[in-house]
Amino acid sequence: MENKNEITITFDSYSVNEGFARMAAAAFLTEFNPTLDEIEDVKTAISEAVTNAVIHGYEGTIGKVTLNFKRKGQEVEIIVEDHGKGIVDIEKAKQPFYTTKPELERSGMGFAFMEAFMDHVLVESKPDEGTRVTMTKKVGMREV
Amino acid sequence: MENQYELKDGFLRVRIPKELDHHSAIGLRAETDMLIRTYHVRHLIFDFSGTEFMDSSGIGVIIGRCKNMNYSGGSVEAEHLNARIEKIFLVSGLNKIIKVHKN
């Protein structure tokens, strides 16, 4: 089999779908022969990105979140996209502990976690248009 | 969610669910705060023995409870962390603000 594959899933921004997104990520990764730790790293990163779309992108209203998984050899690329309110200052949003919703007890660590657990994270956003987070990670590279 | 909460002599033990994310955090936070207020809890223990996943939403819940308990002079502890949850505690720095019992 060629090590190429792509899956796109679109779902409503209900918080229950945060768990669904993690399961989808874990399922997509199984073909990579990943370590358990790698699966958990990717699950954590996607959970952060989807939670951001639910809480910040749509602020509790219901819109569509699209996940795109792509395999490029041993690298997985995950795109999480919403069409919500967008981010005004991306650099500020990425600062650890910075949050626009302290009243919801947000820890402000979402982007820091994505960056800690993935190899590369790109955030693109326009106010009132939405946000797209593109994350990549090499998995299943261990010596057997 | 039977036996998720255990109350005794000012101690409250909260069994964290299998996955602590934004979705599961909402109910857990409300119930825990209600018990703390109603029963004048002074010592809060988060039991992670059944927990396999936690993200930054879970960290927000724990830090929030720590702040509330500190105001009232109470204590907060965490126990039975598996390797993954320990990693999350480490990466977030949570291990520096909450007492973690080694298994």
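A few notes on this one:
- Subset of segment A:63-99 that is more than 13 Å from chain B (Cβ to nearest Cβ) and of a type in the set (S, T, N, Q) - its residue that is least open to solvent (accessible area, probe 1.4 Å): A:N68
- Criterion violated by B:A78 - all others in (1) in contact with a His (Cβ under 9 Å, 6 or more places away or on another chain); (2) small (G, A, S); (3) open to solvent by 70 Å² or more (accessible area, probe 1.4 Å) satisfied: (3)
- Residue tally, condition farther than 22 Å from A:V139 by Cα and of a type in the set (F, W, Y), over segment A:51-97: 2
- Segment B:32-60, subset over 12 Å from the mean Cα position of the chain (by Cα) and of a type in the set (D, E), residue surrounded by the most Cβ atoms within 10 Å (Cβ to Cβ): B:D55
- Among the strands (runs of 3 or more DSSP E) confined to segment A:48-144, the ones with at least 1 residues that are at pLDDT 95 or above and small (G, A, S) are located at A:120-126, A:130-138.
- Residues that are within 9 Å of chain B (Cβ to nearest Cβ), open to solvent by 20 Å² or more (accessible area, probe 1.4 Å) and charged (D, E, K, R) within segment A:11-51 comprise A:D37, A:E40, A:K43, listed in sequence order.
The values are calculated or read from the model by the stated rules, or taken from the named source; none is laboratory data. It should be emphasised that the depicted structure is a prediction, and the values quoted were computed from it without experimental measurement. Don't worry about glycine lacking a Cβ; one is built from the backbone with ideal geometry, like all the others, and counts go over all protein chains shown. Each accessible area value is taken on the protein alone, full model and side chains, heavy atoms only, with ligands, DNA and RNA left out. Shrake-Rupley method; radii C 1.70, N 1.55, O 1.52, S 1.80 Å.
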